[in-house]
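Below is one structure, written out as structure tokens; comments come after it.
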Amino acid sequence: MGKMRWRYATVEDAGTLARMNQQLIDDEGHRNCMTRHELEERMRGWLLSQEYSAALFESDEELVAYALFRVEVDKVHLRQFFVVSHRRRQGIGREAIQILRNEIWPPGRRLTVDVLVANTVGVGFWRSLGYVDYSLTLEIPATSKHA
């Protein structure tokens with residue numbers, strides 16, 4: 001595996017990011033039912049408004065991961081993080097997070113990420129990187145009958 005390179009995403013990358021975001025939604029079993037076009041428009045809006053920034057990661061001349069994040073005064077919130085399926089379990093995610101922490105994100109801020117409880121692989125990955133449980137959102141799904 002070659003040295004990983006990264007660059008900030010631009011609005012022109014919105015389609016690629018939307019495609020990867022759709023795969024992320026499918027992989028983690030998220031309820032988001034947005035179409036690829038809707039995901040692309042949302043991504044374009046985030047990047048244009050600078051509400052979020054995105055980093056694209058390449059290894060061996062292949063796009064292998066992306067991170068969508070927001071830098072706030074007291075924290076950096078990682079909204080989306082995705083490694084392409086055929087490159088998982090190769091250290092790509094760990095290396096990309098190391099790059100984010102060492103080269104992209106401002107030092108000394110709290111780092112947050114939301115992970116679906118059912119995504120046990122994802123929960124394990126984030127815990128292996130030093131993230132610890134902070135909160136748990138509980139819900140009664142809209143289709144449930146009230147007692």
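Below is a table of values for the structure above.
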quantity	calculated
Angle between the chain longest axis and helix 36-49 axis [Cα atoms, degrees, rounded to 10]	60
From phi via Karplus (6.51, -1.76, 1.60), per-residue ³J(HN,Hα) for region 92-98 in Hz, x at Gly/Pro	4, x, 4, 5, 5, 5, 4
Cα-based equivalent ellipsoid of the chain: semi-axis lengths in Å, sorted from largest, via gyration tensor	25, 19, 17
Over 15 Å [Cα-Cα, region 76-147], rounded percent	63
Mean separation of Cα contacts under 8 Å (6+ apart) over length of the chain, as relative contact order %	20
Distant-in-sequence amide H partners of Val84 (H built 1.01 Å from N, under 5 Å)	Ala65
Using θ = phi - 60° and Karplus 6.51 cos²θ - 1.76 cosθ + 1.60, couplings along region 76-90 (whole Hz; Gly, Pro as x)	10, 9, 8, 7, 9, 9, 9, 10, 4, 4, 6, 10, 6, 6, 10
Estimated vicinal HN-Hα couplings, Hz - region 133-141 in sequence order (Karplus 6.51, -1.76, 1.60; Gly, Pro = x)	4, 10, 9, 9, 8, 10, 8, 10, x
Order of Met4, Met43 under a 10 Å beta carbon neighbour criterion, fewest first	Met4, Met43
Fraction of antiparallel bridges per DSSP, the chain only, in percent to nearest 5	80
Nearest 10 degrees, 0 to 90: helix 14-28 Cα axis against the chain principal axis	50
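Here, each number is a calculation from the coordinates, and none is a lab measurement. These numbers were taken from a predicted model, which means no experiment stands behind them. Glycine gets a Cβ as well: all are built from the backbone with ideal geometry, and neighbour counts include every protein chain shown.
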